[in-house]
Amino acid sequence: MSEKLMFVQGNEACVQGALYAGVDFFAGYPITPSTEIAELLAARLPEKGGKFIQMEDEIASMCAIIGASLTGHKVMTATSGPGFSLKQEAIGYACMAEIPCVIVNVQRGGPSTGNPTHVSQGDINQARWGTHGDHGIIALTASNHQDVFRMTVDAFNLAETYRTPVVLLFDEVIGHMRERLVVPDPGVVPIVDRLRTSVPKDVDYHPYLPREDGRLPMSDFGGHHRYNVTGLFHDMWGFPSNNPSVVQDLLRHLVDKIDTNVDVITRYKEHCLDDAEYILVSYGSSARSAIHLAKNRRQKGERLGVLELQSIWPFPAEMVRAKCANAKAVIVVEMNMGQVLTQVKAAVDQPNRVFLANRIDGKLITPSDIKGLLRVIQGKGV
């Protein structure tokens with residue numbers, strides 16, 4: 001067996017997942033708290049014949065991985081905070097041109113420079129709506145290093161399956177804490193490779209003509225087939241078009257290829273949900289605290305459970321609604337002002353049963369913790 005047992009940071013678990021998935025090109029720019037990802041891949045990629053390049057800024061980094069992906073490589077970049085903001089225009093280009101790529105955002109405090117060395121989960125909505133226009137997007141997250149590894153592998157698989165950018169929304173606590181990681185033997189975790197066209201050389205190739213299963217085979221740019229790549233609305237040959245039917249069909253395709261597969265893309269974990277009266281919905285490092293609290297309160301007879309989200313976008317509204325249907329109250333535990341809270345409220349049939357972990361009716365609860373909020377919900381006071 002070649003299975004490896006490691007004691008690593010979350011950022012290294014991400015690197016291990018990317019290498020397992022077959023990444024062979026990384027472009028990035030150092031930024032706290034994601035820098036270790038670039039540092040480690042700078043050493044590891046040349047060992048396997050891959051390429052690492054430090055670009056002059058985050059915009060160039062995103063553009064570099066787009067170009068490398070078009071030529072047939074599995075690609076990744078990593079950033080945080082302001083760097084994620086700078087990448088947004090090129091992320092939109094990758095959405096429009098349907099270019100597989102993985103973007104890691106190890107979240108830190110914001111807006112602006114914010115708290116570079118401290119944790120936050122404030123980029124949830126930016127991952128969905130950071131670039132302009134309508135589009136689908138996939139964003140995954142994790143609360144422990146084994147899941148960081150697996151979600152990173154899944155990110156590459158989903159990027160290749162749907163020809164789309166995939167965002168990994170980790171956070172500073174997950175990125176910098178250390179814990180056990182088991183790297184499985186090769187082949188244990190399924191890997192999705194690039195779907196290349198079977199169209200022979202010198203035969204007309206349609207880069208944006210889906211197969212019956214919806215997937216779009218690719219031809220390595222600069223290889224056998226000549227084709228156009230643009231950020232404009234385009235036809236099946238890749239040439240710009242403002243024909244209303246072409247525009248409408250492409251727009252629907254960019255959205256529907258993600259949203260109609262939400263059940264396939266959805267990833268989550270359940271903790272003590274079977275008989276839970278109160279459900280904590282959480283993700284990332286916040287989920288660790290929610291799970292710890294639920295276990296402790298259960299020892300005191302309170303039936304708490306945790307629904308841990310591992311896919312944030314497309315938001316798994318149907319799954320959340322089903323899991324929370326019988327709860328007396330749903331408490332969203334996240335390190336922001338309620339970005340996932342808004343989605344949970346929209347999903348749950350009775351949104352008045354949904355609360356942010358330290359707020360009720362928009363007012364701060366004292367003490368500002370989950371236990372204080374739980375007592376208010378139960379009518380016991382603080």
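The values are calculated or read from the model by the stated rules, or taken from the named source; none is laboratory data. Please read all numbers here as calculations on a predicted model, not as lab measurements. Quick reminder, even Gly has a Cβ in these numbers, built from the backbone with ideal geometry, and neighbours come from all protein chains shown. Surface accessibility is based on the protein's heavy atoms, side chains included, excluding ligands, DNA and RNA. Shrake-Rupley method; radii C 1.70, N 1.55, O 1.52, S 1.80 Å.
Structure notes:
- Pairs of Cα atoms nearer than 8 Å and 6+ residues apart set the relative contact order; for the chain it is 15 percent.
- Cα Rg, Dmax, the stretch 66-188, angstrom units: 14.5, 42
- For q = 0.15, 0.16, 0.18 Å⁻¹, Debye-computed log10 I/I(0) when each Cα of the stretch 254-362 counts as one equal scatterer: -0.59, -0.67, -0.84
- With the simple model of a label 7 Å out from the Cα in the direction of the Cβ, Glu179 to Val246 spans 5.1 nm.
- Of the solvent-accessible surface of the stretch 1-265, computed with a 1.4 Å probe and all protein chains present, 54% belongs to carbon and sulfur.
- Which of Ala90, Tyr29, Met6, positive extreme of dipole for the chain (C-beta unit charges): Met6
- Placing a pseudo-label 7 Å from each Cα along the Cα-to-Cβ vector at Ser85 and Arg226 gives an inter-label distance of 4.3 nm.
- Short to long, the 10 Å bins of the Cα pair-distance histogram for the chain hold 5, 23, 31, 24, 12, 4, 1, 0 percent of all pairs.
- Each peptide among 83-90, 180-187, 101-108 gets the average number of other Cβ atoms lying within 10 Å of its residues, and from highest to lowest they stand as 101-108, 83-90, 180-187.
- Around the Cα centre of the chain, unit charges on the Cβ atoms of Lys, Arg, Asp and Glu (plus for the first two, minus for the last two) sum to a dipole of about 1240 debye.
- Helical content alone sets the calculated 222 nm signal of the chain at -11000 deg cm²/dmol, taking -39,500 (n - 2.57) per DSSP H segment of four or more residues and averaging over every residue.
- Of the residues Pro100, Gly133, Gly284, the one whose Cα sits farthest toward the positive end of the charge dipole of the chain, with +1 on the Cβ of Lys and Arg and -1 on the Cβ of Asp and Glu, is Gly284.
- Helices that extend 20 Å or more along their long axis by alpha-carbon positions and average at least -0.5 on the Kyte-Doolittle scale are, among the DSSP H runs of the chain, 145-162, 244-259.
- Ratio of Rg to Rh for the stretch 121-225: 1.06 [Cα atoms; Kirkwood radius as inverse mean 1/r over pairs].
- Summed residue charge, Cβ within 14 Å of Ala155's Cβ, Lys/Arg positive, Asp/Glu negative: +1
- Among 62-70, 231-239, the order from most to least packed when residues are scored by Cβ within 10 Å on average: 62-70, 231-239
- For the stretch 23-80 versus the stretch 190-209, the gap between their alpha-carbon centres in whole angstrom: 25 Å
- Stokes-Einstein D (µm²/s) once Rh is taken as the Kirkwood radius of the stretch 285-347 over alpha-carbon pairs, at 20 °C in 1.002 mPa s: 170 µm²/s
- The gain in end-to-end length when the Lys51 to Lys295 segment is fully stretched comes to 83.3 nm, 0.36 nm per residue minus the alpha carbon separation.
- The length gained on full extension between Val203 and Trp129, counted as 0.36 nm times the residue separation minus their Cα-Cα distance, comes to 22.8 nm.
- Note on the chain: dipole from Cβ charges, positive end direction compared against Leu293, Val306, Val188; the farthest Cα belongs to Leu293.
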